[in-house]
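Asks: There's a structure below that I have some questions on.
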Amino acid sequence: MIGKVQNITRFGVFVTFKVNEDEKTGLLRWSSLPKHAKSEKFFKDERVEVDIIKRHPDGKVDLALTELDFREKYATILTKTADTLQSLHEKNQRIRDL
């Protein structure tokens, strides 16, 4: 599931996600990250893909980072950006032609 980085602490990254129309917050612990992902930077309000590892009786949720292919992840971002820039270019061109 896709979640949004809510807060970054010394314990890990708190991620907010939706489950059955309910918004939950879980902790993605630094110790649960794969070695190559520990060097990855997280930013507030960034979207990350996570899986639920464990639900505690007190309502806390432990998360794990879903493995994504680096090229696949950034290829989709670059494609969306290119499409947005192209549509803005076309809109600006129409305005200039008026």
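Only the coordinates and a few stated rules stand behind these numbers; no lab work does. Everything quoted here is computed from the prediction, not taken from an experiment. Counting neighbours? That spans all protein chains shown, and the Cβs are built from the backbone with ideal geometry, glycine included.
Asks: Could you give each residue of segment 47-54 its phi-based ³J(HN,Hα) in whole Hz, using Karplus coefficients 6.51, -1.76, 1.60 with θ = phi - 60°, and x for Gly or Pro?
Replies: With coefficients 6.51, -1.76 and 1.60, one gets 8, 9, 9, 10, 10, 7, 8, 8 Hz.
Asks: Specify which residue in the list Ser32, Gly59, Thr9 is farthest towards the positive end of the charge dipole of the chain, using unit charges on the beta carbon of Lys, Arg (+1) and Asp, Glu (-1), about the Cα centre.
Replies: Looking along the dipole axis, the top candidate is Thr9.
Asks: Determine the distance separating the Cα centre of segment 39-98 from the Cα centre of segment 18-37; give it in Å without decimals.
Replies: Using only Cα atoms, the two centres lie 16 Å from each other.
Asks: Below 11 angstrom from the Cβ of Asp62, what's the summed charge of the other residues (Lys, Arg +1; Asp, Glu -1)? Let's see the in-between values first.
Replies: Working: positive: Arg29, Lys54, Arg55, Lys60; negative: Asp51.
In short, +3.
Asks: Where does the chain land at 222 nm, in deg cm²/dmol rounded to the nearest 500, when only DSSP H runs of n ≥ 4 count, each adding -39500 (n - 2.57), divided by all residues?
Replies: -11000 deg cm²/dmol
Asks: Still on this structure: Taking every pair of alpha-carbon atoms in the chain, give the share separated by more than 21 Å as a whole percent. Walk me through the intermediate numbers first.
Replies: Values: 2155 of 4753 pairs.
Beyond 21 Å sits 45 percent of the P(r) for the chain.
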